[in-house]
Structures are given as structure tokens and as C-alpha cells.
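First up is the structure itself, then whatever we jot down about it.
The values are calculated or read from the model by the stated rules, or taken from the named source; none is laboratory data. A quick note: this is a predicted structure, and the numbers were derived from the prediction, not measured. Cβ sites come from the backbone with ideal geometry, for glycine too, and all protein chains shown count toward neighbours. Heavy atoms of the whole protein, side chains included, go into the accessibility calculation; ligands, DNA and RNA do not. Shrake-Rupley method; radii C 1.70, N 1.55, O 1.52, S 1.80 Å.
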Amino acid sequence: MEELTLTTPALLFSAVSLILLAYTNRFLSYAQLVRTLKEQHLEHPSNVTRAQIDNLRRRLHLTRTMQALGVSSLFLCVVTMFLIYVGLLVLSAYVFGAALLLLIGSLGVSIREIQISVRALEIHLKDMER
């Protein structure tokens with residue numbers, strides 16, 4: 001294994017930052033959708049809005065998990081840089097590996113959330129077909 005340098009974990013900063021920005025934008029759009037669905041459900045309760053609300057609840061939980069894993073990955077990248085700085089190179093390699101695993105987990109949860117989002121769109125499409 002090549003030796004880690006301070007630039008290795010720093011390379012993930014921009015990638016993780018962009019991912020976190022995308023997750024935050026997704027969360028904000030869900031917040032607006034929740035407000036809209038609440039109004040729709042109060043005015044005209046239906047099975048469709050109920051299904052959308054349940055679907056949205058799952059998506060919000062997954063988004064929170066994605067954000068937590070992404071922030072944890074970024075945090076461990078900073079810890080890795082500190083460990084490299086103080087000369088604990090072996091430990092820094094393990095911490096960086098954990099940061100990468102957290103990032104992989106975040107991306108995996110994101111894939112699951114996308115699948116659920118597609119299911120939400122299918123609910124709309126089926127409703128329009130009726």
C-alpha cells in the first residue's frame with residue numbers, strides 16, 4: 001500500500017461536499033412536498049395521498065441516513081488528515097478506509113431512495129391512468 005498523504009483524504013472533500021449539497025436539495029424538495037401533500041390530504045383525503053405520504057416518510061428517513069453517513073465520512077476524512085499530520089500513518093489508513101466505507105454506504109442508501117422515489121412517481125402515473 002502506498003503511503004497516505006494529506007492530499008489523499010482532501011480529494012474526497014469536494015466529492016462529499018457535492019453529494020451533501022445534492023442530499024440537502026433533495027431534503028428541501030421533500031419538505032415542500034410534505035407541505036403540499038398535507039394540504040391535499042386535509043382537503044381531499046384519498047388512498048393515493050396516503051400512499052404518497054407513507055412513501056415520503058420512508059424517503060425522508062433514508063435521506064437522513066444518507067446525510068448522516070456522508071457527514072460521518074467527511075468527519076473521518078478530517079480525522080485522517082489530523083492523524084497523518086501527527087504521524088500516525090497506520091491508524092490514518094484504517095480511519096480513511098472507514099471514511100470510504102461510510103461514503104459507499106451513503107451512496108448505497110441513495111440508490112435505495114431513488115428506487116422508492118420512482119415508486120412514488122408510479123403512484124402518480126397510475127392515478128392519472130384512472
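Observations on the model:
- Surrounding net charge for residue 53, when Lys and Arg each add one and Asp and Glu each subtract one, Cβ distance under 13 Å: +4
- Translational diffusion of the chain, estimated by Stokes-Einstein from the Kirkwood radius over alpha carbon pairs at 4 °C in a medium of 1.567 mPa s, is 78 µm² per second.
- Note on residue 15/residue 64: beta-carbon distance plugged into 1/(1 + (r/R0)^6) with R0 of 25 Å gives a FRET efficiency of 0.75.
- Helical runs assigned H by DSSP (4 residues or longer) give the chain a calculated mean residue ellipticity at 222 nm of -33000 deg cm²/dmol, each run adding -39500 (n - 2.57) before division by the residue total.
- Going by accessible surface with a 1.4 Å probe and the largest first, 81, 128, 66 read 128, 81, 66.
- Sparsely packed loop sites in segment 20-104 (the chymotrypsin sites (Phe, Trp or Tyr not before Pro) outside DSSP H, G, I, E and B with at most 13 other Cβ atoms within 10 Å) do not occur.
- Sum of side-chain charges, residue 120 neighbourhood, beta-carbon under 14 Å (Lys, Arg +1; Asp, Glu -1): +4
- The chain - percent of accessible surface contributed by carbon and sulfur, probe 1.4 Å: 67
- The modelled label-to-label distance for the pair residue 85/residue 98, using points 7 Å beyond Cα in the direction of Cβ, is 1.8 nm.
- Full-extension gain in nm, residue 7 to residue 127, via 0.36 nm per residue minus C-alpha separation: 38.1 nm
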